[in-house]
1. What is the range 1-131 by shape, rounded, prolate or oblate, if you read a ≥ b ≥ c off the alpha carbon gyration tensor as root eigenvalues and call it rounded for a/c under 1.5, prolate for a/b larger than b/c, and oblate otherwise?
2. Only bridges with both residues in the chain count here: give the DSSP antiparallel percent, nearest 5.
3. Restricting to the range 154-238, what percent of DSSP beta bridges are antiparallel, rounded to 5?
4. Rounded to two decimals, what ratio of Rg to Rh does the chain give with C-alpha atoms and a Kirkwood Rh?
5. Enter the mean projected area of the convex hull around the alpha-carbon atoms of the range 147-236, in nm², rounded to one decimal.
6. Rank these for me by crowding, 124, 219, 33, 186, going from fewest to most other beta carbons within 10 Å.
7. Grab the Cα-Cα distance for residue 163 and residue 23, subtract it from 0.36 nm times how many residues apart they are, and report the gain in nm with one decimal.
8. Is the C-alpha gyration tensor of the range 83-122 telling us rounded, prolate or oblate? Criteria: a/c under 1.5 is rounded; beyond that, a/b larger than b/c is prolate, otherwise oblate.
Ligand code: ADP
Ligand code: MG
């Protein structure tokens with residue numbers, strides 16, 4: 001049984017259709033990538049999943065629960081964006097602890113979970129630093145830890161690595177994949193970088209112009225593209 005089921009999703013902004021007949025089935029613990037050119041509707045899908053944008057038609061189920069009318073806070077969906085909105089006046093430790101404090105987790109358990117998460121993202125020695133004292137890659141690891149620590153059912157990542165330089169981006173791809181596998185967490189990553197999608201995903205959904213052109217494992221998409229668009233997009237290294 002699929003863990004996340006999207007059926008017949010449509011989205012219009014005014015007269016403009018930006019998503020047409022999106023169907024997706026995602027298993028628990030999968031690392032999914034939405035890959036496609038700028039403007040094809042990737043972020044809109046994430047925003048609808050998170051409850052930040054309403055769909056025009058279609059249904060979404062997460063873990064057997066229909067998401068229609070469910071408030072963003074009640075969805076147990078986490079998000080990480082390209083610009084890491086860390087709390088600048090809080091230490092790394094307090095940034096990571098934030099979600100647990102909101103949930104009123106008891107101090108001993110909170111400390112244990114924060115320490116464990118800092119170790120996972122390799123920031124134990126930076127616990128008492130402030131965001132401005134960290135590199136971009138380190139800040140993005142804090143953002144990841146902060147989102148993951150509350151154990152969302154699914155973590156949505158919207159081009160989280162795009163602002164980083166190529167070398168750091170490659171390292172963080174490995175980090176992200178390791179964290180995902182260590183926690184067995186379901187993640188959906190949005191990117192326009194086909195190399196990133198190939199490196200990191202269990203399955204890729206290739207999008208074009210508000211539609212899914214093809215889905216499958218990276219090797220399947222690479223070796224058997226179903227359309228000229230997919231062949232060209234996958235073959236094109238940025
Ligand atoms: P991507 O993330 O793939 O770059 P988006 O999902 O951000 O694409 O956008 C898909 C299309 O929807 C684009 O043409 C964009 O201009 C349009 N769009 C996104 N958000 C809005 C909005 N709030 N109002 C009007 N049009 C929007
Ligand atoms: Mg986008």
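1. Prolate, because a/c is 1.5 or more and a/b exceeds b/c.
2. Restricted to the chain, the bridges split so that about 50 percent are antiparallel.
3. Of all bridge pairs located within the range 154-238, approximately 50 percent are antiparallel.
4. Ratio of gyration radius to Kirkwood radius: 0.97.
5. Over all viewing directions, the range 147-236 projects a mean Cα-hull area of 6.3 nm².
6. 219, 124, 186, 33
7. Gain on stretching residue 163 to residue 23: 47.4 nm.
8. oblate
Read-outs: derived from the displayed coordinates by stated rules, not from any lab. Worth saying up front: this structure is predicted, and the values here are computed from it rather than measured. Glycine gets a Cβ as well: all are built from the backbone with ideal geometry, and neighbour counts include every protein chain shown.
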